[in-house]
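The values are calculated or read from the model by the stated rules, or taken from the named source; none is laboratory data. Given the structure is predicted, the values throughout are model-derived calculations rather than measurements. All Cβ positions, glycine included, derive from the backbone under ideal geometry; neighbour counts span all protein chains shown. Note: areas computed on protein heavy atoms with side chains; ligands, DNA, RNA excluded. Shrake-Rupley method; radii C 1.70, N 1.55, O 1.52, S 1.80 Å.
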Amino acid sequence: MSRRIARFLVSLVMTMVAALGVTVVTTGTAHADECYTWNRTLSKGMSGADVTQLQIRVAGHVAYGEVLDIDGSYGPATAAAVQRFQQAYGLPADGVAGSQTFGKIYALQDADCTPVHFTYAELNKCNSDWSGGAVSAATAKSNALRTMWKLEAMRHALGDVPLTVTSGFRSHACNSAVGGASDSRHLYGDAADLVGSPSLCTLAQRARSHGFNGIFGPGYPGHNDHTHVDTRPSRTWSAPTCGI
């Protein structure tokens with residue numbers, strides 16, 4: 001049995017248990033995971049690296065226009081994001097991250113911590129080492145991981161319809177080669193260009209509820225053939241054809 005199938009079965013059992021209203025006594029850890037293992041139940045008021053890791057995975061489960069700070073502090077915004085994650089996957093929605101929440105995350109991530117429906121290769125078609133951008137290679141790769149988890153949340157909200165990423169991280173050389181803006185967020189690794197089904201307008205509209213500050217789509221110059229999303233410091237949305 002593959003590791004991914006095993007994780008899926010664990011998650012399925014935990015969801016069925018929750019649906020039946022059965023109480024499971026747990027210390028907060030569903031099982032050891034190859035990528036990252038949480039060793040305690042997390043709730044408001046707590047802080048630490050384990051909170052940061054949780055925030056990365058639930059940052060796409062936010063309200064319209066919100067962007068979750070990945071700061072390692074489990075405040076009200078993190079609790080709300082956890083609750084939305086739980087609701088999205090049919091778990092008891094109390095905003096507290098325990099074994100069932102972690103079990104679902106384990107089922108959703110591969111050994112390199114990427115969500116199961118996205119890969120580093122999809123987010124970097126420029127080079128193999130994430131170098132040459134506006135930030136260090138490590139930061140660019142970390143930003144791409146955060147973007148993937150937001151896209152995973154968006155994909156699920158759209159009914160688990162596959163999302164196609166045509167461009168992610170770019171070095172300065174790659175960015176110049178495709179005529180990218182000199183200050184493009186692709187240089188930071190936190191951007192993704194999306195095409196395919198669902199429609200570009202649906203993608204642009206939906207992205208507003210998954211933690212993206214930058215959204216550009218049909219009607220914005222140079223974006224009639226794709227929808228661009230990123231996590232720039234402040235909000236800039238423009239897809240006039242889509243009513244944005």
Enumeration of residues in the range 132-179 that are open to solvent by 40 Å² or more (accessible area, probe 1.4 Å) and touching a strand residue (DSSP E or B) at 6+ places or on another chain (Cβ under 8 Å): T164, T166, V178
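Any residue at all in the range 122-141 that is under 20 Å from R40 (Cα atoms), in a helix (DSSP H, G or I) and within 14 Å of the chain's Cα centre (by Cα)? Before you say what the answer is, go through the steps one by one.
Taking the range 122-141 as the starting set, the residues that turn out to be under 20 Å from R40 (Cα atoms) are none.
The answer is no; no qualifying residue exists.
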task: Look through the range 90-128, keep the residues that are among the hydroxyl-bearing types (S, T, Y) and open to solvent by 50 Å² or more (accessible area, probe 1.4 Å), and return whichever of them is farthest from D193 (Cα to Cα).
output: S128
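For (1) aromatic (F, W, Y); (2) at pLDDT 95 or above; (3) under 21 Å from N213 (Cβ atoms); (4) touching a Gly at 6+ places or on another chain (Cβ under 9 Å), each residue gets a yes or a no:
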residue: G28; (1), (2), (3), (4): no, no, no, yes
residue: K44; (1), (2), (3), (4): no, yes, no, yes
residue: V51; (1), (2), (3), (4): no, yes, no, yes
residue: V58; (1), (2), (3), (4): no, yes, yes, no
residue: H61; (1), (2), (3), (4): no, yes, yes, yes
residue: G75; (1), (2), (3), (4): no, yes, yes, yes
residue: A80; (1), (2), (3), (4): no, yes, yes, yes
residue: Q86; (1), (2), (3), (4): no, yes, no, yes
query: How do the pairs read when you match residues in the range 70-89 that are farther than 23 Å from H156 by Cβ with residues anywhere that are buried (at least 19 other Cβ atoms within 10 Å of the Cβ), using Cβ under 8 Å and keeping only pairs 6 or more apart or on different chains?
result: D71/Q55; G72/V51; G72/Q55; S73/V51
